[in-house]
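Visitor: To start, I am sharing the structure in question, which I have written as structure tokens.
The values are calculated or read from the model by the stated rules, or taken from the named source; none is laboratory data. All values reported here derive from a predicted model rather than from experimental measurement. All Cβ positions, even for glycine, are placed from backbone atoms using ideal geometry, and neighbour counts span all protein chains on display.
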Amino acid sequence: MMKISNMDIKDAIVEGTFFVVGVFLYALCFNLFLIPNDLVVSGFSGIAIVVQRVFGWNANAFIYITNGILLVLGFIFLGWKITKKNIAGSILYPVMITVTNPVATFLNNYIIGDDFYLILLFAIILYGVSSGLIYRTGFSTGGSDIIMQILNKYMKISESKSMIVANSVIILIGMFVFGFNKGVYSFIILICSTYFIDKIMFGLSDSKVFYIYTKKVRKLKKLILNDFQTGFTSIPSRGGYSKKRNFMIMCVVSNRDYYLFKQKILEIDPNAFIIINSCYEVNGGVKRKTLPFL
């Protein structure tokens, strides 16, 4: 029998909390910003807004029904192992829409003003943060995610590509029903919210990792150790064209040292080959004590 550690329980609680909060905020965004302003952004939530306006059907009831049907289809075509990850979100999301409806009504009457561009900004932030919290847990709110998983399995279409196509079609439908401007605003929400999704999932990049190939390795090592007081790793390398053996230096510096470090490298060797990437997390090794990620 597998033994469950306290760390596993703690991680599960934290993950579950992120998921519940994320779904709550996602539903609040739906009730507070998307439905009242006819913003058809993505998924069956967007279709529900169109259906409510065109046919007069209740959007929440539509999401309940479609999520239930899609769960059954997921079980048939994807199996239990994959479908079980969609169950919690498929049930919790429409429940949270019901729960957040009076909250949205209160906020709309007493806090949210009539400035549409301010509403658009809040919608971008809330949609991005809530989506990021949900994606971070590895779960989903069901709906269109299940269809994308089915397409990925049987038609070999990646979930990212199918998501782009599906969201584009849904936004175009919303544009046809609610007008060109609303379609553009919906597209802006979808695109701009990815910034907040990335920050929630990956965090803030507070440092840069340098990969440096230079003939003046000794001077570079001296620069790193004495001037920037941080560590580095020497990686044995061989030129693909010259076939010459040398060392590539890998080093992490803070964002505030980025430009100065790059300038100093080029002063030592103007022909140095440099690769620079954003660094989101650093553990272990020898690091400068003033680096912000310590």
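Visitor: Do we have Val14 as of a type in the set (A, V, I, L, M, F, W, C) and either at pLDDT below 90 or farther than 17 Å from Asn101 by Cβ (or both) here?
Guide: In short, yes.
Visitor: Please work out if Ser90 is assigned by TED's automatic domain parsing to the domain that holds Ser162, touching a Leu at 6+ places or on another chain (Cβ under 6 Å) and closer than 24 Å to Asn152 by Cα.
Guide: yes
Visitor: Please specify each residue of the range 233-264 satisfying the condition of being surrounded by fewer than 16 Cβ atoms within 10 Å (Cβ to Cβ) and small (Gly, Ala, Ser).
Guide: Those that are surrounded by fewer than 16 Cβ atoms within 10 Å (Cβ to Cβ) and small (Gly, Ala, Ser): Ser234, Ser237, Gly239, Gly240, Ser242.
Visitor: Also, I was wondering about something else. For residues that are exposed (fewer than 13 other Cβ atoms within 10 Å of the Cβ) and modelled with pLDDT under 85, scanning just the range 201-222, find the one that is farthest from Glu15 (Cα to Cα).
Guide: So the residue we want is Leu204.
Visitor: Considering each of Ile191, Ile212 in turn, give the residue that is under 31 Å from the mean Cα position of the chain (by Cα), among the aliphatic types (A, V, I, L, M) and outside the structural domain of Ile125 (by TED's automatic domain parsing).
Guide: Answer to the selection: Ile212.
Visitor: Moving on. What's the total number of residues in the range 65-88 that are modelled with pLDDT of 90 or more and more than 16 Å from Asp145 (Cβ to Cβ)?
Guide: Residues meeting the conditions: 1.
Visitor: Counting just the residues of the range 174-200 that are surrounded by 19 or more Cβ atoms within 10 Å (Cβ to Cβ) and small (Gly, Ala, Ser), which one comes out farthest from Tyr259 (Cα to Cα)?
Guide: Filtering first and then ranking leaves Gly174.
Visitor: Could you identify the single residue in Ile147, Ile65, Ile112 that is part of a helix (DSSP H, G or I), in contact (Cβ under 8 Å) with a residue 24 or more places away in the chain and either more than 22 Å from Tyr195 (Cβ to Cβ) or of a type outside the set (Lys, Arg) (or both)?
Guide: On inspection, the qualifying residue turns out to be Ile147.
Visitor: Out of Leu92, Leu39, Leu25, which single residue is touching a residue at least 60 places away in the same chain (Cβ under 8 Å) and part of a loop (DSSP other than H, G, I, E, B)?
Guide: Sole residue among the options that is touching a residue at least 60 places away in the same chain (Cβ under 8 Å) and part of a loop (DSSP other than H, G, I, E, B): Leu39.
Visitor: On the basis of being without any contact (Cβ under 8 Å) to a residue 40 or more places away in the chain, in a helix (DSSP H, G or I) and hydroxyl-bearing (Ser, Thr, Tyr), does Ser193 make the cut?
Guide: No.
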